[in-house]
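Since every read-out is calculated from the coordinates, none of them should be taken as a lab result. Keep in mind that this is a model prediction, so the values were computed, not measured. Note: ideal-geometry Cβ built from the backbone for every residue, glycine included; neighbour counts use all protein chains shown.
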Amino acid sequence: MSEIITDCDANYAYDIVKKICSEVGPGFPGSPQEHARADLLKKELESHLGTDNVAVEEFTFAPGAFLSSYPICGLLMLFAALLNISMGHITWISPWFTSIASLTFSIMVPLPFIFEFVLSYELLDPLCRKKKSINVIGTLCNPGTKIVKRLLIISGHHDSAPENTWLRYLGYGFFLLLATFFLGYVIILLMSIIQLLGLMTDNANMVRNGTLGWIMMAYPIMPAVIFALFFTRKGKNGGNVPGAADNLSASALSVAMCRFLEKNPSYIPADTEIRFISFGGEESGYRGSRRYVKRHLDDLKLLDARMLNIETVASPEFVILTSDINGTVKNSPEMVKSVVEAAERAGVPFKVKPATLGTANDSGPFSQAGLKAMTLLAFKVPQQMVKFYHQKWDNPDILTIEPLLNVLKLTFEWVRNGGE
């Protein structure tokens, strides 16, 4: 049990979250408020490390691209449905054209979602407005270190998400509407195929069976379209979501661990450098961590970098993720093993699970690049997801000391064992 880590350390992290939420408020990626949140974290790190050991790295990205995949999918579905219905009713347009166009749009419906959201390709980014964000990096070594042979990274992100419209208003009904979205896609695709096959075989009954009626338009097509078109809302300035748990909690814990290790440098392994990083732009598809990896890849490989990313600290029991980016990228088994062993030494509750659809974090770009990285997720799904995830209720009031303390205990054990 890492009893050397106390409630005082966890309360320090909690106070940082409260300060940022009260003095700045929400910080949508690329907004002035996101920069202000980063600046407060920078000042906290400088108070422990000095200005020479804290850096900020600016990067360019398109904050609206990542989640724009939902409304684009909705529009494609709407176009496909309207073309399907209009087949044969517009005298000056060939039925073949509308039917083929309907099937084409149907096939295109999931592509923005798959490439931009699921696989995290920056497919739509070139078409969207660009803004600036920053990563904040603090560096600490054992005072006796002359040559660094290993790098440990402890990270979180300081930006907050746009508000999830349907979680806020529907609660658990969100999941029904999500299922409706996928059902709508399957329906429009199948109906478009049947309609076109009917034309090809000159089968009027098949054409009729493959043409959407008002019942199917009422459900599932229109609810699916509305779900996608209004999936999120940004709000004014920095947005509506304070992001206390997701993910100021993690950035504040990184600073708290920095504070502890600066006071107790004997726990830092020899020849080891520790970087405390708060990334920007995570809610726009982890653009900050992706830019960081691209900029420092050679250095990260040379120093045998190991990254412990922390995400949404709201539950005393953690999930140690064996994969990332919606389960499409495998995390380092060596890293997973080291964090599991650290959790066991710290005596904190945990589970080991793969990432599922909707679970993607700042460790993803590191794992994609072949680096040793993983995410610690302290968040219960669906209970806490419905309660505050990407909603205005994600404020400091939902945080408790036990999860913060457990993360610090685990992180401490991981660091003093050199990430092994």
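Descriptive notes on the structure:
- Selection of trypsin sites (Lys or Arg not before Pro), segment 217-321, meeting DSSP coil and at most 16 other Cβ within 10 Å: Lys236
- Two-site FRET efficiency, Thr201 against Lys43, from Cβ-Cβ distance with R₀ of 51 Å, rounded to 0.05: 0.10
- Whole-number Å³ per residue for the convex hull built on Cα positions in segment 1-47: 94 Å³
- Convex hull per residue volume in Å³, alpha carbons only, for segment 195-267: 198 Å³
- For the pair Lys236 and Lys353, a Förster radius of 30 Å applied to the C-beta separation gives a FRET efficiency near 0.20, rounded to the nearest 0.05.
- Folded to 0 to 90 degrees: helix 333-346 orientation relative to the chain principal axis, Cα: 50 degrees
- Phi-derived couplings, Karplus 6.51 cos²θ - 1.76 cosθ + 1.60 at θ = phi - 60°, listed residue by residue for segment 149-163: 10, 8, 10, 10, 10, 10, 9, x, 9, 9, 7, 10, 8, x, 6 Hz, with x used for Gly and Pro.
- Each listed q (0.09, 0.18, 0.19 Å⁻¹) maps to a log10 I(q)/I(0) for segment 19-173 from the Debye sum over equal C-alpha point scatterers, namely -0.52, -1.14, -1.19.
- Length added when fully stretched, Arg129-Ile401, from 0.36 nm per residue minus Cα-Cα: 94.0 nm
- Sparse-neighbour loop sites [trypsin sites (Lys or Arg not before Pro); segment 117-219; at most 12 other C-beta within 10 Å; DSSP]: Arg129, Lys146
- Using all pairs of distinct alpha-carbon atoms, the Kirkwood hydrodynamic radius of segment 114-183 works out to 17.4 angstrom.
- Within segment 305-365, the ratio Rg/Rh, alpha carbon atoms throughout and Rh by Kirkwood, equals 0.94.
- Percentage of interatomic Cα-Cα distances in the chain larger than 32 Å: 39 percent
- When only Cα pairs below 8 angstrom with a gap of at least 6 residues are kept, the chain shows a relative contact order of 25 percent.
- Per principal axis, descending, Cα span of segment 195-340 in whole Å: 81, 36, 32
- Its residue count N sets the reference 2.2 N^0.38 Å, and the alpha-carbon radius of gyration of segment 29-95 equals 2.26 times that reference.
- Calculated SAXS-style log₁₀ I(q)/I(0) at q = 0.25, 0.27, 0.34 Å⁻¹ - segment 355-397, Debye, Cα scatterers: -0.93, -0.99, -1.21
- Peptides 182-190, 404-412 ranked from most to least packed give 404-412, 182-190, packing being the mean of other C-beta atoms within 10 angstrom over each peptide's residues.
- Stretched out straight at 0.36 nm per residue, the stretch from Lys392 to Val148 would grow longer than its current Cα-Cα span by 83.5 nm.
- Taking only the C-alpha atoms of segment 142-208, the Rg (one decimal) and the largest Cα-Cα distance, Dmax (whole number), read 26.8, 83 Å.
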